[in-house]
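For reference, the structure is listed below as structure tokens.
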Amino acid sequence: MRKQVIIKNAAEIELMRTSGQLLAQVFQMLDGFITPGISTMEINNKVEDFIVNSLNARPASKGQYDYPYSLNTSINEVVCHGMPSVTQKLKATDIVNVDITLEKNGFIADSSKMFVMPEATPRANHLVKVTQEAMWQGIKQVKPNVKLGDIGFAIQQHAEKHGFSVVRDYCGHGIGREMHEGPDVLHYGKVNTGLTLKPGMTFTIEPMINQGTYKTKTKKDGWTVITRDKKLSAQFEHTILVTETGFEVLSFREQEAQLGFSKYG
């Protein structure tokens, strides 16, 4: 059954904005915390404590679909949905995606970011950089009367130009009171195809970009998704609002402005 696309009113947008800004604070806190030697469970516990006790909010992933933790930590060849572990410690050569959702006053924001350890290879660094750029190429397409396919096309073009591939099995999604609303936001596609964007729509753009094949498989834990060829994967994600004239990145992090990205378009 196709999920309903829910247009947010001004009051709901303001609540979404609050959730997004709080979530950005979580990533800002993690910038000085995630280092080689730390376990992925320590990251989980730090984030849960910060969301609950410092931000007076709720980690929305915990309990969603019976998922037991507050976030996903996806290292190296893990595409998405990596589960925190006490025994899994970051190595100096690792890249790791941390994917966090936060609910405040009934509305959810969803974002993820790559953390690159100091001895990661130049090729790993390049993959991360291109993935972030690809997400922003998609974000920059967002405005009223544009089609969803334009977002996917822009992401796919940028990734494939650099010799990488776009995961097909997972996509962005509408978000608001529910974690997963309509529409589905594919990260590949054709120009001028798909749903027409309208002001008040809120959804995630979250491309997963692989070094090798785009094909994936799920491990026996039922959650962890890895690349079929065991090559590296990277992901970035933001929660986006379609405004009257363009977009607003509700989960925007201030450090992104220093990289030349803009919260508004």
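Summary of values
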{"item": "Residues (touching a strand residue (DSSP E or B) at 6+ places or on another chain (Cβ under 9 Å), among the charged types (D, E, K, R) and in contact (Cβ under 8 Å) with a residue 40 or more places away in the chain) located in the range 150-172", "result": "Arg168, Asp169"}
{"item": "Close pairs from the range 115-128: first closer than 17 Å to Glu256 by Cα, partner modelled with pLDDT of 95 or more and in a loop (DSSP other than H, G, I, E, B), Cβ under 7 Å, at least 6 apart", "result": "Phe115/Ile34"}
{"item": "Options Gly194, Gly200: the member that is touching a strand residue (DSSP E or B) at 6+ places or on another chain (Cβ under 6 Å) and either of a type in the set (Lys, Arg) or surrounded by fewer than 21 Cβ atoms within 10 Å (Cβ to Cβ) (or both)", "result": "Gly194"}
{"item": "Number of the condition not met by Gly174 [criteria: (1) within 14 Å of Lys198 (Cα to Cα); (2) in contact with a Leu (Cβ under 7 Å, 6 or more places away or on another chain)]", "result": "(2)"}
{"item": "Of residues in the range 214-265 being surrounded by 22 or more Cβ atoms within 10 Å (Cβ to Cβ) and small (Gly, Ala, Ser), the one nearest to Phe27 (Cα to Cα)", "result": "Ser251"}
{"item": "Test: Phe107 is modelled with pLDDT of 95 or more, closer than 26 Å to Thr196 by Cα and aromatic (Phe, Trp, Tyr)", "result": "yes"}
{"item": "Scan of the range 1-25 for residues that are free of Cβ contacts under 8 Å to residues at least 40 places away in the same chain and among the small types (Gly, Ala, Ser), ordered by number", "result": "Ala10, Ala11"}
{"item": "Residues located in the range 155-175, provided they are among the hydroxyl-bearing types (Ser, Thr, Tyr) and surrounded by fewer than 19 Cβ atoms within 10 Å (Cβ to Cβ)", "result": "Tyr170"}
{"item": "Qualifying positions in the range 140-149 - surrounded by fewer than 21 Cβ atoms within 10 Å (Cβ to Cβ) and either in contact with a Leu (Cβ under 9 Å, 6 or more places away or on another chain) or in a helix (DSSP H, G or I) (or both)", "result": "Lys143, Pro144, Asn145, Val146, Lys147, Gly149"}
{"item": "Odd one out for Gly32 among (1) over 17 Å from Lys113 (Cα atoms); (2) among the small types (Gly, Ala, Ser); (3) surrounded by fewer than 17 Cβ atoms within 10 Å (Cβ to Cβ)", "result": "(1)"}
{"item": "Test: residue in the range 26-38 that is within 22 Å of Thr239 (Cα to Cα), without any contact (Cβ under 8 Å) to a residue 40 or more places away in the chain and in contact with a helix residue (DSSP H, G or I) (Cβ under 8 Å, 6 or more places away or on another chain)", "result": "yes"}
{"item": "Test result for Gly32, touching a strand residue (DSSP E or B) at 6+ places or on another chain (Cβ under 8 Å) and not polar (S, T, N, Q)", "result": "no"}
{"item": "Qualifying residue in the range 230-245 (condition: under 16 Å from the mean Cα position of the chain (by Cα) and among the hydroxyl-bearing types (Ser, Thr, Tyr))", "result": "yes"}
{"item": "Set Gly37, Gly20, Gly82: member being crowded, with 19+ Cβ neighbours inside 10 Å, out of contact with any Gly (no Cβ under 6 Å at 6 or more places or on another chain), more than 30 Å from Thr243 (Cβ to Cβ) and modelled with pLDDT of 95 or more", "result": "Gly82"}
{"item": "Members of the range 245-265 found to be aromatic (Phe, Trp, Tyr) and free of Cβ contacts under 8 Å to residues at least 24 places away in the same chain, listed by number", "result": "Tyr264"}
{"item": "Condition broken by Gly32, with the remaining ones in (1) under 24 Å from Val130 (Cα atoms); (2) modelled with pLDDT of 95 or more satisfied", "result": "(2)"}
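The values are calculated or read from the model by the stated rules, or taken from the named source; none is laboratory data. Since we're looking at a predicted model, the values are computed, not measured. FYI the Cβ positions are ideal-geometry reconstructions off the backbone, even for glycines, and counts take in every protein chain you see.
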